[in-house]
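Engineer: I have a structure I would like to understand better, so I am pasting it below and will then ask my questions one at a time.
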Amino acid sequence: MHFETLPAEGWHADSLCTFTWAPEDTTDTYQILFHLRHTNAYPYQNLWLFVTRSEGNRSVCDTLEIYLADDRGTWLGNGRNGLISMPVLYDDNYRPRDTLTLSICQGMRDTMLRGVRDVGVEITVDN
């Protein structure tokens, strides 16, 4: 699992978190999870992400809405040391063709989104 730590002042709308991964075996099927770490300072129930998935000459853009809290404002992830960690399944049937690059940016209306501390990607063989 690899994390990118965001600046303490917030996640700027133009800031990309970029992850590159080279598969060991292109015959396996993989699971891709995003991991978000945020604090109680995060002001919303949800989080929109724009994800660009690139392999070789091919790129696909996805828009994801992730719920971080329920309707009553209770965080859905697990908390520890002031951080709430939320795993999000992105793809559970990924078959790599080439080196994968994932570029993630926040899609909220805030230019500077406060409360999100880390964005991570975990890629594992789907057994």
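Every number in this text was worked out from the coordinates using simple rules, so none of it is lab data. A quick note: this is a predicted structure, and the numbers were derived from the prediction, not measured. Cβ coordinates were reconstructed from backbone atoms using ideal geometry, including for glycine residues, and neighbour counts include every protein chain displayed.
Engineer: So which of 84, 32 ends up being surrounded by 11 or more Cβ atoms within 10 Å (Cβ to Cβ), closer than 26 Å to residue 125 by Cα, among the aliphatic types (A, V, I, L, M) and under 12 Å from the mean Cα position of the chain (by Cα)?
Structural biologist: 32
Engineer: Are any residues in the stretch 108-127 surrounded by 15 or more Cβ atoms within 10 Å (Cβ to Cβ), within 17 Å of residue 47 (Cα to Cα) and not charged (D, E, K, R), and if so, which ones?
Structural biologist: The answer is 108, 113, 115, 116, 119, 120, 121.
Engineer: Could you count how many residues in the stretch 62-90 are in contact with a strand residue (DSSP E or B) (Cβ under 9 Å, 6 or more places away or on another chain) and either among the acidic types (Asp, Glu) or part of a strand (DSSP E or B) (or both)?
Structural biologist: Qualifying residue count for the region: 18.
Engineer: Taking residue 85, is it in contact with a Ser or Thr (Cβ under 9 Å, 6 or more places away or on another chain), among the small types (Gly, Ala, Ser) and closer than 15 Å to residue 5 by Cα?
Structural biologist: It is false that residue 85 is in contact with a Ser or Thr (Cβ under 9 Å, 6 or more places away or on another chain), among the small types (Gly, Ala, Ser) and closer than 15 Å to residue 5 by Cα.
Engineer: Name the pairs: first residue in the stretch 24-41 and in a strand (DSSP E or B), second residue of a type in the set (Asp, Glu), Cβ to Cβ under 6 Å, at least 6 apart or on different chains?
Structural biologist: Partner pairs satisfying both residue conditions: 30/126; 31/92; 31/126; 32/91; 33/122; 37/118.
Engineer: Which residues, counting only those in the stretch 1-15, are surrounded by fewer than 15 Cβ atoms within 10 Å (Cβ to Cβ) and assigned to a loop (DSSP other than H, G, I, E, B)?
Structural biologist: Scanning the stretch 1-15 gives 1, 7, 8, 9, 14.
Engineer: Mind listing whichever residues of the stretch 57-75 are surrounded by 10 or more Cβ atoms within 10 Å (Cβ to Cβ) and not hydroxyl-bearing (Ser, Thr, Tyr)?
Structural biologist: Hits for the stretch 57-75 are 61, 62, 64, 66, 68, 69, 70, 75.
Engineer: Continuing with the same structure: So how many residues does the stretch 55-104 have that are under 22 Å from residue 42 (Cβ atoms) and of a type outside the set (A, V, I, L, M, F, W, C)?
Structural biologist: Of the residues in the stretch 55-104, 19 are under 22 Å from residue 42 (Cβ atoms) and of a type outside the set (A, V, I, L, M, F, W, C).
Engineer: If residue 43 satisfies every condition in (1) on the phi > 0 side of the Ramachandran plot; (2) surrounded by fewer than 15 Cβ atoms within 10 Å (Cβ to Cβ); (3) not aliphatic (A, V, I, L, M) but one, which is the exception?
Structural biologist: That leaves (1) as the condition not met.
Engineer: List every residue pair whose Cβ atoms lie under 7 Å apart, where the two residues are 6 or more positions apart in sequence or sit on different chains, the first residue falls within the stretch 76-96 and is in contact (Cβ under 8 Å) with a residue 24 or more places away in the chain, and the second residue, located anywhere, is buried (at least 16 other Cβ atoms within 10 Å of the Cβ) and among the aromatic types (Phe, Trp, Tyr).
Structural biologist: Matching pairs, first to second residue: 84/75; 88/34; 90/34; 94/30; 96/30.
Engineer: Starting from the stretch 1-21, take each residue that is in contact (Cβ under 8 Å) with a residue 24 or more places away in the chain and list its partners that are surrounded by 15 or more Cβ atoms within 10 Å (Cβ to Cβ) and among the aromatic types (Phe, Trp, Tyr), counting only C-beta distances under 7 angstrom and pairs at least six apart or across chains.
Structural biologist: Qualifying pairs under 7 Å: 2/19.
Engineer: Does at least one position in the stretch 90-107 carry a residue that is among the aliphatic types (A, V, I, L, M), surrounded by fewer than 17 Cβ atoms within 10 Å (Cβ to Cβ) and out of contact with any helix residue (DSSP H, G or I) (no Cβ under 7 Å at 6 or more places or on another chain)?
Structural biologist: The answer is no, given that none of the residues of the stretch 90-107 is among the aliphatic types (A, V, I, L, M), surrounded by fewer than 17 Cβ atoms within 10 Å (Cβ to Cβ) and out of contact with any helix residue (DSSP H, G or I) (no Cβ under 7 Å at 6 or more places or on another chain).
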